[in-house]
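The values are calculated or read from the model by the stated rules, or taken from the named source; none is laboratory data. These numbers were taken from a predicted model, which means no experiment stands behind them. Glycine also receives a Cβ, built like all others from the backbone with ideal geometry; neighbour counts cover every protein chain displayed. Areas reflect the complete protein model, heavy atoms only, side chains present, ligands, DNA and RNA absent. Shrake-Rupley method; radii C 1.70, N 1.55, O 1.52, S 1.80 Å.
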Amino acid sequence: MNKAIAPIQDADPERDFSELAPLDTALANAQVVGMGEGTHGTREFFQMKDRLFRYLVQKHGFQAIAFEANFGRSVIVNRYIHGQTTNLSTAAQAAKSMYFWTWSTDEVRELLQWMKDYNTGKPASQQLSFYGFDCQYADDEFPLIREFFYKVEPGLVSKVDTTANLYTLTTKSTATDSVRAQYTQRLPGLYNLFITNESQWVSAGGRTDYEIARQAARVLIQQANIIAGDACNATIKRDMYMAENVQWLLTRMNTGKLSLWAHNYHISTLTYGNCSQPSMGGYLKQKLKDKYLTVCTLLTNGTFTVRDASKSDTPLTQLSVHTADVKTSYNYLLGKAQYPNFIFKVNQSGLAPSLTSWLGANHPLFETGSGFNESRAEQYYSIAALTGRFDILIHFRDTSQSQLLP
């Protein structure tokens with residue numbers, strides 16, 4: 001394997017790009033690059049994705065990144081990056097505003113600051129944009145729709161307010177099934193207003209603002225569907241809807257090239273993932289074929305920010321894993337390579353048959369999301385093959401925790 005890997009010094013996003021040159025052939029053919037993280041709280045993973053996005057921008061003509069973050073809130077962050085008036089005055093505030101602690105980090109702040117600085121002084125056609133493709137919250141969608149209705153059809157604002165008030169009632173512990181039903185039954189009608197009035201509203205409010213408001217209404221439907229079932233139903237629908245939202249960026253927003261920032265699982269091209277349904281990346285692979293490229297990040301040993309699943313209140317803390325405890329795992333064996341940190345193209349030609357066979361076999365793979373129980377680390381290994389799941393892996397032998405913003 002040592003002959004097939006390309007060493008990298010570290011994950012510093014300000015480092016020279018020469019180490020990333022081995023990726024050029026694969027990146028040149030990609031329209032969408034999914035950048036994954038093996039944990040939601042590893043500094044090196046976040047910095048490496050920042051570094052890769054800067055490379056995509058400056059060497060491959062990418063102008064947009066979309067996060068595993070809520071759609072409506074990301075619209076506000078995008079306005080901040082473009083220097084528009086918002087309630088966000090710093091990149092740190094923008095990072096902290098995105099609901100999830102996972103993005104409230106110094107690493108994400110640095111990315112947002114770089115994007116804002118990059119845009120300064122450039123014409124609109126050359127500026128970078130920030131989006132969110134997740135749909136777990138509805139708080140920021142109503143203001144976007146209300147804002148647009150004030151421009152094109154002020155008489156409909158009360159309809160938005162009534163629906164928003166019903167949504168607020170559904171979030172209370174005293175919410176009844178009747179209130180929830182009233183809320184969800186109103187959402188298709190709200191969305192269909194955009195379909196019926198598209199030509200008129202685009203003329204009055206502009207294509208971009210129309211598309212954003214329309215998608216906000218669509219996300220309300222997605223969010224309501226996610227919370228209306230059991231955990232498996234929510235998992236299946238969330239990945240399906242996230243893939244739909246990425247497709248919206250490519251088609252309705254005419255995003256030419258797009259980078260995605262999410263967990264390794266979501267960007268992976270699994271046909272049968274959680275609950276035997278495709279991951280987000282699985283759906284995207286079906287649609288985009290070879291235009292979708294996946295880049296995962298993996299560790300051998302590391303400390304990471306995470307919620308402690310061994311405690312009832314799951315406090316946010318820093319926990320560690322040492323994959324030597326599972327010596328058959330991909331993580332541990334990758335750590336035996338000549339270089340501690342490296343890039344490896346999983347599907348490259350000319351690999352030794354034994355290596356190809358190993359990559360295509362099911363072995364333990366350590367990844368964790370927002371929660372982790374340090375005393376039961378073996379539970380956080382899935383049994384999977386790397387071939388058919390990821391195109392490129394970036395490995396770090398030893399990692400540290402993400403730096404939470406105060």
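A few comments on the model shown:
- Selection from region 223-268 of residues that are part of a helix (DSSP H, G or I), open to solvent by less than 20 Å² (accessible area, probe 1.4 Å), among the β-branched types (Val, Ile, Thr) and more than 22 Å from TRP101 (Cα to Cα): VAL246
- Residue among GLU68, GLU37 that is in a loop (DSSP other than H, G, I, E, B), among the charged types (D, E, K, R), closer than 20 Å to ILE392 by Cβ and touching a helix residue (DSSP H, G or I) at 6+ places or on another chain (Cβ under 8 Å): GLU37
- Among the criteria (1) farther than 25 Å from ASN78 by Cβ; (2) part of a helix (DSSP H, G or I); (3) open to solvent by less than 70 Å² (accessible area, probe 1.4 Å), the one TYR191 does not fulfil is (1).
- Close pairs from region 232-253: first under 13 Å from LYS287 (Cβ atoms), partner β-branched (Val, Ile, Thr) and part of a helix (DSSP H, G or I), Cβ under 8 Å, at least 6 apart: ASN245/VAL219
- Note on region 72-103: residues that are open to solvent by less than 10 Å² (accessible area, probe 1.4 Å), among the aliphatic types (A, V, I, L, M) and more than 20 Å from LEU404 (Cβ to Cβ) amount to 1.
- The criterion of at least 3 residues that are closer than 23 Å to LEU316 by Cβ, at pLDDT 95 or above and of a type in the set (Lys, Arg) is met by none of the strands (runs of 3 or more DSSP E) wholly inside region 348-406.
- Among residues that are under 26 Å from the mean Cα position of the chain (by Cα) and surrounded by fewer than 12 Cβ atoms within 10 Å (Cβ to Cβ), LYS345 is not included.
- Residue in region 104-120 that is assigned to a loop (DSSP other than H, G, I, E, B) and open to solvent by less than 60 Å² (accessible area, probe 1.4 Å) present: yes
- Lone unmet requirement of (1) surrounded by fewer than 19 Cβ atoms within 10 Å (Cβ to Cβ); (2) touching a helix residue (DSSP H, G or I) at 6+ places or on another chain (Cβ under 7 Å); (3) part of a helix (DSSP H, G or I) for THR271: (3)
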